[in-house]
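Student: Starting off with a structure, shown below.
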Amino acid sequence: MYPGVELRLLRYVVAVAEELHFSRAAEKLHVTQPSLSKQIKGLEDELGILLFERTKHAVRITAAGEIFVQEARQALLYGERAVNLARSAHRSGAFSLGYSPYVSHHFISTIRRLFASQFQTTQFSLVGAFSDEQMESIRTGALDAGLFTLPISAGTLAVQRVHKESLWVAIPQGHRLARVHAVRLRELGRMPMIVLAKRLCPQLHDRIHQAFARENSAPRLGQEVMSPAEAIPMVAGGLGFALVRECDHQFRHPGVLFKRIEGQPLILESGIVYRPDGGSPIIHALIAALQQRKETGAASPIAAGLTA
């Protein structure tokens with residue numbers, strides 16, 4: 001019975017599967033191509049399984065190879081997680097929290113203040129990252145938790161809703177709706193929408209389309225941006241409208257007006273995602289502290305927006 005495979009060899013197999021080219025895989029791994037080929041062939045001989053079919057012009061992965069690579073990726077993931085969790089335990093008292101671009105900066109500031117007042121012995125760090133990067137870092141233990149716009153598919157990870165706020169509409173100052181107190185979404189249907197790129201925040205796009213559908217309308221997609229901060233100058237330039245967080249309207253920008261949405265509001269929820277087993281115990285204390293702020297009505301621009 002074969003006793004096991006070194007993680008190094010697993011990395012080699014995964015690299016070849018991704019590149020389907022031994023020279024490119026060797027360059028990626030910083031090893032020589034003959035050495036890589038020899039070690040993959042040695043592994044195949046020892047396993048008695050052909051992982052790759054080779055010709056002079058192409059490399060193809062076999063059905064057995066596909067299964068092997070799928071499990072190898074999981075083994076590498078757990079290996080990386082073991083290292084990161086061990087490092088986290090070694091530096092007990094540290095807590096790293098990721099956050100995606102559309103999470104309210106006021107809410108992030110509230111969490112920062114909580115750590116300063118209630119978790120003073122904890123070394124707290126915030127890491128900005130897009131959703132896919134965050135999710136991978138949480139699974140491997142590189143991050144203790146992350147803040148995401150909901151809903152989100154988290155697999156085996158735990159999700160706790162912790163914040164919600166209404167979205168407002170940012171329009172150019174000279175727009176025909178400039179004089180109204182609140183706008184209906186259907187009134188924006190002919191105007192281009194400046195929005196965070198769908199690949200960065202697909203759940204936000206779904207919420208927006210659902211909200212317009214309730215008004216028997218549909219948004220007209222204009223410019224996609226990489227962060228909410230990019231949208232406001234574009235609105236000022238007359239390129240379209242943007243849906244912004246309620247807290248954003250406090251920041252005055254020349255040429256931009258912020259309006260409430262009339263009728264059924266468009267609510268944006270945020271949640272903390274974390275590992276239910278083996279994660280940092282600080283996460284539960286943090287969630288409890290956020291819930292307590294809601295119950296006691298602590299003075300904060302967003303205290304009323306926190307939800308269990």
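Student: Mind listing the long-range amide H neighbours of E262? Cut-off is under 5 Å, sequence gap 5 or more, other chains count too, H placed in the peptide plane at 1.01 Å from N.
Tutor: Result for E262 returns V183, R184, L185.
Student: How much of the accessible area of the chain, probe 1.4 Å, is carbon plus sulfur, in whole percent?
Tutor: Result for the chain: 52 percent of the exposed heavy-atom area is carbon or sulfur.
Student: Name the shape class, rounded, prolate or oblate, that the alpha-carbon gyration tensor gives for segment 65-218, where a ≥ b ≥ c are the square roots of its eigenvalues, rounded holds for a/c under 1.5, and otherwise prolate holds if a/b is larger than b/c and oblate otherwise.
Tutor: Oblate shape, in that a/c is at least 1.5 and b/c is the bigger or equal ratio.
Student: Ignoring ligands and nucleic acids, what accessible area does R207 show with a 1.4 Å probe (Å², nearest 10)?
Tutor: Surface open to solvent at R207 totals about 50 Å².
Student: While we're on this one: Between (i) 42; (ii) 31; (iii) 52, which matches percent of Cα pairs over 29 Å apart calculated for the structure shown?
Tutor: Only one option fits the structure, namely (iii).
Student: Okay, moving on. If Lys and Arg each add +1 and Asp and Glu each add -1, what is the summed charge of the other residues whose beta carbon sits under 10 Å from the beta carbon of P151? Let's see the in-between values first.
Tutor: Details: positive: R161, R207; negative: D206, E269.
Around P151, the surrounding residues sum to 0.
Student: Given the -39500 (n - 2.57) contribution per DSSP H run of 4+ residues, what per-residue ellipticity at 222 nm results for the chain, rounded to the nearest 500 deg cm²/dmol?
Tutor: -13000 deg cm²/dmol
Student: Now for a separate question. State, to one decimal in nm, how far the label point of S23 lies from the label point of A236, with both points 7 Å from Cα in the Cβ direction.
Tutor: It is 5.2 nm.
Student: Quick query: amide H of A145 versus all other amide H atoms, modeled in the peptide plane; which residues come in under 5 Å with a sequence gap of 5 or more or a different chain?
Tutor: Those lying under 5 Å, H to H, from A145 are S96, G98.
Student: Could you work out how far apart the two model spin labels at S166 and T62 are, taking each label as a point 7 Å from the Cα in the direction of the beta carbon, and quote it in nm?
Tutor: If labels sit at S166 and T62, their model points lie 6.4 nm apart.
Student: Using a 1.4 angstrom probe and counting only protein chains, how large is the accessible area of S131 in Å², to 10?
Tutor: For S131, the solvent-accessible surface is approximately 10 Å².
Student: Check each of the GluC sites (Glu not before Pro) in segment 1-44 and keep only those in coil by DSSP with at most 13 other C-beta atoms within 10 angstrom; list them in order.
Tutor: The qualifying sites are E6.
Student: Calculate the FRET efficiency for N216 and H30 from the Cβ-Cβ distance with a Förster distance of 41 Å, rounded to the nearest 0.05.
Tutor: The pair N216/H30 has a calculated efficiency of 0.10.
Student: A follow-up question, please. To the nearest Å, what is the center-to-center distance of segment 102-157 and segment 210-277, using C-alpha atoms only?
Tutor: So the two Cα centres are separated by 21 Å.
Student: Oh, and also: Taking a ≥ b ≥ c as the square roots of the Cα gyration tensor eigenvalues, with a/c under 1.5 meaning rounded and otherwise prolate when a/b beats b/c, else oblate, which class fits segment 157-275?
Tutor: Note, shape of segment 157-275 comes out prolate.
Student: Rolling a 1.4 angstrom probe over the protein chains, ignoring ligands and nucleic acids, what is the accessible area of D277 in square angstrom, nearest 10?
Tutor: Around 110 Å² of this residue is reachable by solvent.
Student: Packing-wise, with mean Cβ within 10 Å as the measure, how do 172-181, 151-160 rank, highest first?
Tutor: Values: 172-181: 12.9, 151-160: 14.4.
Result, highest mean Cβ count within 10 Å first: 151-160, 172-181.
Student: Only bridges with both residues in the chain count here: give the DSSP antiparallel percent, nearest 5.
Tutor: Once the DSSP bridges in the chain are tallied, antiparallel ones form about 60 percent.
The values are calculated or read from the model by the stated rules, or taken from the named source; none is laboratory data. A quick note: this is a predicted structure, and the numbers were derived from the prediction, not measured. Neighbour counts run over all protein chains shown; Cβ positions are idealised from the backbone, glycine included. The accessibility values were calculated without ligands, DNA or RNA, using every heavy atom of the protein model including side chains. Shrake-Rupley method; radii C 1.70, N 1.55, O 1.52, S 1.80 Å.
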